[in-house]
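Q: Here it is: the structure, laid out below.
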Amino acid sequence: MATRGALIVLEGLDRTGKSTQARTLVKNLNSKGILAELQIFPDRTTQIGKVISEYLSHARDLDDRAIHLLFSANRWEKKNAMVSKLEKGISLVVDRYAFSGVAFSSAKPGLSQEWCRQPDVGLLKPDVVFFLTADPETLKQRGGYGEERYENVEFQKRVAAEYSELEDPSWIRVDATWSAERIAEHLLTTVENTMRALPEKMRELWVD
Ligand code: Z5A
Ligand code: MG
């Protein structure tokens, strides 16, 4: 059995409940005596994260490629700290990761998935990716939709198409219209199973 922590990623369109589930999963793991912490991307607390936050709230405009590289840099600036936590046996529940980076940027005109992947090559590869899915029209009805950049149904539909192209067979699709409790239970069981068969060595994203 591996002594390191597991890298668990939650992905999906806006308002699929990723943040709700990421928080609950950390709490549920902790209450079972499993060390786990939350890592949110974008991490808006760093200097790079502050620029990203200004971009998302329309306080700042940036070239599409420039903002893409900043989202990636925001992950790279956290990589060493993430490695060190995982090596200490702390599992990380990550609320959005490089897959959001590729899906959202490549939904813009002129940015290919191939180009968008490059800056994240070599980041840590997750041990499990949960992909929360629901129809953008349904998600629109949930709280807070429409305040930040990208939060419109037409763009979300393009992002959904990019996610489908990016998705690989290892991803675990979860119906985001299930109750939050049902999703939480499913995630916890799956993570516990993943942890039983965790490879000792961490892998790199989009390398192997
Ligand atoms: N972005 C990017 O372009 N490139 C990158 O590399 C990265 C991100 C990392 C901000 O992300 C934007 O950055 C995002 C992608 C882009 N843009 N968009 N669109 P963010 O993660 O900071 O966005 P957010 O503001 O946290 O929204 P979100 O993450 O999309 O929401 P969520 O976390 O998936 O959902 P939630 O906050 O948990 O729940 C939303 C509402 O639904 C809330 O009222 C809940 O009570 C409700 N909810 C939750 N679960 C359920 C269930 N099961 N049933 C019914 N209602 C529910
Ligand atoms: Mg969120």
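The values are calculated or read from the model by the stated rules, or taken from the named source; none is laboratory data. Note that the structure is a prediction, hence the values are computed from the model and not measured. Neighbour counts are summed over all protein chains in view; Cβ atoms, including those assigned to glycine, are modelled from backbone coordinates with ideal geometry. Protein only, heavy atoms only, side chains kept; ligands, DNA and RNA dropped before computing areas. Shrake-Rupley method; radii C 1.70, N 1.55, O 1.52, S 1.80 Å.
Q: May I have the pair-distance distribution P(r) for the range 1-123, computed from all Cα-Cα distances with 5 Å bins from 0 and rounded to whole percent?
A: Per 5 Å bin, starting at 0, the Cα pair percentages come out as 2, 11, 19, 21, 21, 13, 8, 4, 1, 0.
Q: Can you pull a Stokes-Einstein diffusion coefficient for the range 135-178 at 37 °C (0.692 mPa s), Rh from Kirkwood over Cα pairs, as a whole number of µm²/s?
A: Translational diffusion coefficient: 278 µm²/s.
Q: Ordering Arg15, Arg75 by accessible area with a probe of 1.4 Å, largest first, what comes out? The partial results should precede the final answer.
A: On the way: Arg15 75, Arg75 10 Å².
So the residues, ranked largest to smallest area, are Arg15, Arg75.
Q: Would you pull out the residues with amide H under 5 Å of Gly89's amide H, same chain only if 5 or more places away, H placed 1.01 Å from N?
A: So Gly89 has HN proximity to Gly5.
Q: Kindly write out, for the range 178-195 in residue order, the coupling ³J(HN,Hα) from the Karplus curve 6.51 cos²θ - 1.76 cosθ + 1.60 (θ = phi - 60°), rounded to whole Hz, with x marking Gly and Pro.
A: Each residue's phi maps through the Karplus curve to give 4, 5, 4, 5, 5, 4, 4, 5, 4, 5, 4, 4, 5, 5, 4, 5, 4, 5 Hz.
Q: Something else about it: Rounded to the nearest 5, what % of the DSSP beta bridges within the chain are antiparallel ones? Each step should come with its number before you reach the end.
A: Numbers: 1 of 19 bridges.
If I count the DSSP bridges inside the chain, around 5 percent turn out antiparallel.
Q: Could you tell me the ratio Rg/Rh of the range 70-162? Both radii from Cα atoms, Rh via Kirkwood.
A: Rg/Rh: 1.01.
Q: Here's something else I'd like to know. Which residues' amide hydrogens lie under 5 Å from the amide hydrogen of Arg60, considering only partners 5 or more residues apart or on another chain, with H built in the peptide plane?
A: Here the answer is Tyr55, since their amide H atoms fall under 5 Å of that of Arg60.
Q: Which ³J(HN,Hα) values in Hz, rounded to whole numbers, follow from the phi angles of the range 121-133 under the Karplus curve 6.51 cos²θ - 1.76 cosθ + 1.60, where θ = phi - 60° and Gly and Pro get x?
A: Once rounded to whole Hz, the list reads 4, x, 5, 5, 8, x, 7, 8, 10, 8, 10, 7, 10.
Q: Here's another thing I want to ask about it. Using amide H atoms built 1.01 Å from N in the peptide plane, name the residues 5+ places from Ile40, or on other chains, whose amide H lies under 5 Å from its own.
A: Answer set, sorted by chain and number: Asp95.
Q: How long, wide and thick is the chain, going by the Cα atoms along their three principal axes, in whole angstroms, largest first?
A: 46, 35, 31
Q: Any idea of Ser112's accessible area? Nearest 10 Å², probe 1.4 Å.
A: Counting only protein heavy atoms, Ser112 exposes about 60 Å² to solvent.
Q: Further question: Where Lys and Arg each count +1 and Asp and Glu each count -1, what net charge lies around Thr46 among other residues with Cβ under 14 Å from its Cβ?
A: Charge balance near Thr46 sits at +2.
Q: Among Ala107, Ala180, Ala73, whose mean-square fluctuation peaks in a Gaussian network model of the chain (Cα, cutoff 10 Å)?
A: Ala180
Q: Using a 1.4 Å probe, how large is the accessible area of Ser19, given in Å² and rounded to the nearest 10?
A: 50 Å²
Q: If I take R0 = 30 Å and measure r between the Cβ atoms of Glu185 and Val207 in this structure, what FRET efficiency does the formula 1/(1 + (r/R0)^6) give, to the nearest 0.05?
A: Between Glu185 and Val207 the formula returns 0.35.
Q: Using 0.36 nm per residue of separation minus the Cα-Cα distance, give me the extension gain between Val153 and Ala59 in nm, one decimal.
A: So the chain would gain 31.7 nm between Val153 and Ala59.
Q: To continue, here is another question. By the scheme Lys and Arg +1, Asp and Glu -1, what is the net charge of all other residues having a beta-carbon under 11 Å from that of Asp14?
A: Charge balance in the 11 Å sphere: +3.
Q: By average Cβ neighbour count within 10 Å, what is the ranking of 132-138, 199-205, 92-98 from highest down?
A: On the way: 132-138: 16.9, 199-205: 11.9, 92-98: 24.1.
Going from most to least packed, we get 92-98, 132-138, 199-205.
Q: Now for a separate question. Net charge around Ser164, counting only other residues with Cβ within less than 14 Å of its Cβ (Lys, Arg = +1; Asp, Glu = -1)?
A: Values: positive: Lys157, Arg158, Arg173; negative: Glu11, Asp135, Glu162, Glu165, Glu167, Asp168.
Computed value for this residue: -3.
Q: So what's the back-of-envelope 222 nm ellipticity for the chain, counting only DSSP H runs of four-plus at -39500 (n - 2.57) apiece and dividing by all residues, rounded to 500?
A: Taking each H run of at least 4 residues, the total per residue is -14500 deg cm²/dmol.
Q: What are the ³J(HN,Hα) couplings of the range 88-105, residue after residue, when phi is run through the Karplus curve with 6.51, -1.76, 1.60 and θ = phi - 60°? Round to Hz, x for glycine and proline.
A: 7, x, 8, 7, 10, 9, 10, 8, 6, 8, 4, 5, 4, x, 6, 5, 6, 6
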